[in-house]
Amino acid sequence: MAASISTEGWRTGPVTVAVPATSANLGPGFDVLGLALDLVDEVTAEVVPEGYRVDVVGEGAGEVPTGVDHLIVATMLTTFEQMGVARPPGLRLKCHNRIPHARGLGSSSAAIVAGIALARGLTTAGATLDDAAALALAAEIEGHPDNVAPCLLGGFTIAWTGTDGAHAVRLDPADSVTPVVYVPAERGLTAHARAALPAEVPHRDAVFNTARAALLVHALSTAPELLLAATEDRLHQPYRAPAMPETANLVAALREAGVPAFVSGAGPSVLALTSAPGHVLVDPPTGWWSRSLSCSASGARML
């Protein structure tokens, strides 16, 4: 049922948004390529007379902030400001989280995109924020656009940043591509993963990755048989491997079995892109879990 409209500029009923998990980089596409996955968080928000409260079920329950410091609430307040709307007197949020936190599957991007979508859905004051501005704001908050782009748009995205902010285009992955995610119990931090990267890389490695990233656009959308070659990387995964030995070993084992696999985002999760019945999937290390997913055609959507 659609929420009713308040005469004070806010919807009087709750609004709910679904936001997908994402995998970024996809091997050679560092900070550029991203894929939406059908592992979804659902967040409901409502304007209340006072106070900020977040109830969390699932991932992050008992761990994340439950007030104004929660990332979704903070993003909503930033979005209201961007829209030129005064912050509401209070907010009540209910989060049903399925995306693992700090595993390289875009949980923070999902929270940011959810916050922007909910802010847009709650205000009736005539202020607007179009999709291009929403992407630019999400990327500014996150720091890079590769996860927020597929979370907003769905599908397979190519993102870049210009002088006027972040932009992205959306493509459809081939129907035969099935993502399989491998997730460890151990968490990782994007900041730590980025700290492992060198300030400079050899020119030959930059050329290698440019070729593979270009090939990956074709392989993922049209020619999945080329995915193994297309997901090779020399730009970031080799430098991060010493800090994530189980992740690196799993990627190597999958690739040796002929399965296109890579570190998902900043890790430590691994994503494999299967497209052939003969692919032999490797058992994950002890303490890890794996799940076959689908590529999500939908990005953030109101329910």
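Going through Ala199, Ala185, Ala206, Ala297 one at a time, which residue ends up being in a helix (DSSP H, G or I) and either small (Gly, Ala, Ser) or free of Cβ contacts under 8 Å to residues at least 12 places away in the same chain (or both)?
Ala206
Return the total of residues in the stretch 224-251 being free of Cβ contacts under 8 Å to residues at least 12 places away in the same chain and under 30 Å from Asp175 (Cβ atoms).
Total meeting the criteria: 1.
Yes/no matrix, rows are residues, columns are (1) surrounded by fewer than 18 Cβ atoms within 10 Å (Cβ to Cβ); (2) more than 30 Å from Thr75 (Cα to Cα); (3) basic (Lys, Arg):
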{"residue": "Gly155", "(1), (2), (3)": "no, no, no"}
{"residue": "Ala166", "(1), (2), (3)": "no, no, no"}
{"residue": "Ser176", "(1), (2), (3)": "yes, yes, no"}
{"residue": "Arg187", "(1), (2), (3)": "yes, no, yes"}
{"residue": "Ala196", "(1), (2), (3)": "yes, no, no"}
{"residue": "Asn209", "(1), (2), (3)": "no, yes, no"}
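Is the stretch 33-40 home to any residue that is in contact with a Lys or Arg (Cβ under 7 Å, 6 or more places away or on another chain) and within 17 Å of Gly299 (Cβ to Cβ)?
yes
Taking the stretch 238-253 on its own, how many of its residues are crowded, with 21+ Cβ neighbours inside 10 Å and at pLDDT 95 or above?
Residues in the stretch 238-253 being crowded, with 21+ Cβ neighbours inside 10 Å and at pLDDT 95 or above: 3 in total.
Hey, can you tell me all the residues within the stretch 146-167 that are touching a residue at least 40 places away in the same chain (Cβ under 8 Å) and either in contact with a His (Cβ under 8 Å, 6 or more places away or on another chain) or not assigned by TED's automatic domain parsing to the domain that holds Pro20 (or both)?
Listed by number, the residues that qualify are Ala159, Trp160.
Considering each residue of the stretch 220-258, count those that are under 19 Å from His192 (Cα atoms) and in a helix (DSSP H, G or I), and give that number.
11
Spot the failing condition for Ala114; the list is (1) part of a loop (DSSP other than H, G, I, E, B); (2) in contact (Cβ under 8 Å) with a residue 24 or more places away in the chain; (3) of a type outside the set (Ser, Thr, Tyr), and only one is missed.
(1)
Scan Leu197, Leu171, Leu153, Leu189 and give me the residue that is farther than 30 Å from Arg120 by Cα and aliphatic (A, V, I, L, M).
Being farther than 30 Å from Arg120 by Cα and aliphatic (A, V, I, L, M) holds for just one of Leu197, Leu171, Leu153, Leu189, which is Leu197.
Within the stretch 218-236, identify whether any single residue is closer than 19 Å to Leu39 by Cα and among the small types (Gly, Ala, Ser), and answer yes or no.
Within the stretch 218-236, none of the residues are closer than 19 Å to Leu39 by Cα and among the small types (Gly, Ala, Ser).
Pull out all pairs, ordered by first then second residue, where Cβ-Cβ is under 8 Å, the residues are six or more apart or on different chains, the first lies in the stretch 74-99 and is closer than 20 Å to Leu39 by Cα, and the second is part of a loop (DSSP other than H, G, I, E, B) and of a type in the set (Gly, Ala, Ser).
Pairs that qualify, where the first residue is closer than 20 Å to Leu39 by Cα and the partner is part of a loop (DSSP other than H, G, I, E, B) and of a type in the set (Gly, Ala, Ser), are Cys95/Gly60; Asn97/Gly60; Asn97/Ala61; Ile99/Gly106.
Which ones in the stretch 39-76 are among the acidic types (Asp, Glu), within 22 Å of the chain's Cα centre (by Cα), buried (at least 17 other Cβ atoms within 10 Å of the Cβ) and assigned to a strand (DSSP E or B)?
Passing the criteria: Asp41, Glu42.
Report yes if some residue within the stretch 281-288 is over 22 Å from Ser108 (Cβ atoms) and either under 22 Å from the mean Cα position of the chain (by Cα) or in a helix (DSSP H, G or I) (or both); otherwise report no.
Within the stretch 281-288, none of the residues are over 22 Å from Ser108 (Cβ atoms) and either under 22 Å from the mean Cα position of the chain (by Cα) or in a helix (DSSP H, G or I) (or both).
The values are calculated or read from the model by the stated rules, or taken from the named source; none is laboratory data. From a predicted model like this one, the values you see are computed outputs, not experimental measurements. Here the Cβ is made from the backbone with ideal geometry for all residues, glycine too, and neighbour counts use every protein chain on show.
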